[in-house]
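The block underneath contains the structure these notes are about, expressed in structure tokens.
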Amino acid sequence: MIIAHTIEDVRTRVKQARAEGKRIGFVPTMGYLHDGHLSLVEISKQQSDFQVMSIFVNRIQFNDKKDFESYPREHERDFALAKSAGVHLMFLPEEEEMYCNQHTFVEMESLTEHLCGATRPGHFRGVCTVVSKLFNIVQPDVAVFGRKDIQQAIIIEKMVKDLNFPLRIIIAPTIREEGGLAMSSRNKHLSPSERIRALSIYRGLLAAKSLIESGNRDVRTIIAAAQSNIESSRPEKIDYIELVSYETLAPINIMNQRAILAIAAFFGTTRLIDNMLIEKNGEHYSCVL
Ligand code: AMP
């Protein structure tokens, strides 16, 4: 695995792979890799020949300085995991390489009013800006994002369409720990007891799933089922539990379309997010966690 620190080096290596007739796959991350990240590489390998991963903790998407500073960073460990997953080129830029007196930012006018867009001001501006830059640097044929961050994945799909980036976005399933907790680099910050309490997010989603799949269409009842599970484990704060349209990411009152049940809650000082996809097949709904 080659480790590139500069944009120029990435461009040279990717150009070389392209000249050899290879299709380029790309998995952007903030590092502290886990099986969720590695599953994205697996999917990318099915669609492309040369795997690029980036690790960059993007300051401008953090609305909480402490969260940025304490974000786990362990590069040697990440390199070993990425290499064994089949990454060919790792892009690990310094902040100055990515941002040098930046005056241009990418802001999405829709899809950002709710969920994390509402609770983390400026977050998606930071995400869209860094992902645009990374797409221009790597110029991949495919890029894989996790459904775990579903609002992010949907926003990036839309951005790629709006700005005519010549690449395909793939949205990959959420990988969970035993017990159902969605894998996340931030899980490292959970104490053993917070980790146990955090399992209530998954239980909340399962409770909602069972209501929906048994025919309940009342969104308030569905949200209440998830909420009571989570509240019973005394989260420090619930940012949101919302049932939103997949198309608009705006809350809906009645189940009548493809939708998402999305949750953000704090356990200790750690903010966790998770969600469930609600697929509509005729009059029947099935939930994917
Ligand atoms: P991050 O390093 O947290 O910014 O995540 C990098 C990519 O990995 C994003 O596309 C995330 O959605 C994805 N990802 C994070 N956690 C998981 C997970 N548990 N399962 C699948 N994908 C994930």
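Values in this text are rule-based calculations from the coordinates and carry no lab data. Fair warning: this is a prediction, and the values are worked out from it, not measured in the lab. Cβ placement follows ideal geometry from the backbone for every residue including glycine, while neighbour counts extend to all protein chains displayed.
Every residue in region 253-272 that is surrounded by fewer than 17 Cβ atoms within 10 Å (Cβ to Cβ) and on the phi < 0 side of the Ramachandran plot, please.
If the condition is that a residue be surrounded by fewer than 17 Cβ atoms within 10 Å (Cβ to Cβ) and on the phi < 0 side of the Ramachandran plot, then Asn253, Ile254, Asn256, Gln257, Arg258, Phe266, Thr269 are the ones that fit.
Would you say Gly215 is assigned to a helix (DSSP H, G or I), under 28 Å from Thr248 (Cβ atoms) and not charged (D, E, K, R)?
Here the answer is no, as Gly215 does not meet what is asked.
Please verify whether region 125-143 includes one or more residues that are away from the ligand (no atom under 12 Å from the Cβ), over 28 Å from Lys15 (Cα atoms) and under 17 Å from the mean Cα position of the chain (by Cα).
yes
Please go through region 1-60 and pick out each residue that is under 16 Å from the mean Cα position of the chain (by Cα) and among the small types (Gly, Ala, Ser).
Within region 1-60, Gly31, Gly36, Ser39, Ser44, Ser54 meet the criteria.
Which of the residues belonging to region 144-162 are away from the ligand (no atom under 13 Å from the Cβ) and in contact with a strand residue (DSSP E or B) (Cβ under 8 Å, 6 or more places away or on another chain)?
Val160
It is to be established whether one or more residues within region 126-145 are surrounded by 15 or more Cβ atoms within 10 Å (Cβ to Cβ), touching a Lys or Arg at 6+ places or on another chain (Cβ under 7 Å) and more than 22 Å from Leu163 (Cα to Cα).
Looking for residues that are surrounded by 15 or more Cβ atoms within 10 Å (Cβ to Cβ), touching a Lys or Arg at 6+ places or on another chain (Cβ under 7 Å) and more than 22 Å from Leu163 (Cα to Cα), one finds none in region 126-145, hence no.
Go through (1) touching a residue at least 40 places away in the same chain (Cβ under 8 Å); (2) on the phi > 0 side of the Ramachandran plot and name the single condition Gly282 misses.
(1)
Mind checking which residues of region 1-38 are of a type in the set (Ser, Thr, Tyr) and out of contact with any strand residue (DSSP E or B) (no Cβ under 6 Å at 6 or more places or on another chain)?
Thr6, Thr12, Tyr32
Which condition from (1) closer than 25 Å to Arg186 by Cα; (2) surrounded by 14 or more Cβ atoms within 10 Å (Cβ to Cβ) is the one that Ala17 breaks?
Among (1) closer than 25 Å to Arg186 by Cα; (2) surrounded by 14 or more Cβ atoms within 10 Å (Cβ to Cβ), the lone unmet condition for Ala17 is (1).
Counting only residues that are of a type in the set (S, T, N, Q), give me the strands (runs of 3 or more DSSP E) lying completely in region 229-289 with at least 3 of them.
270-281
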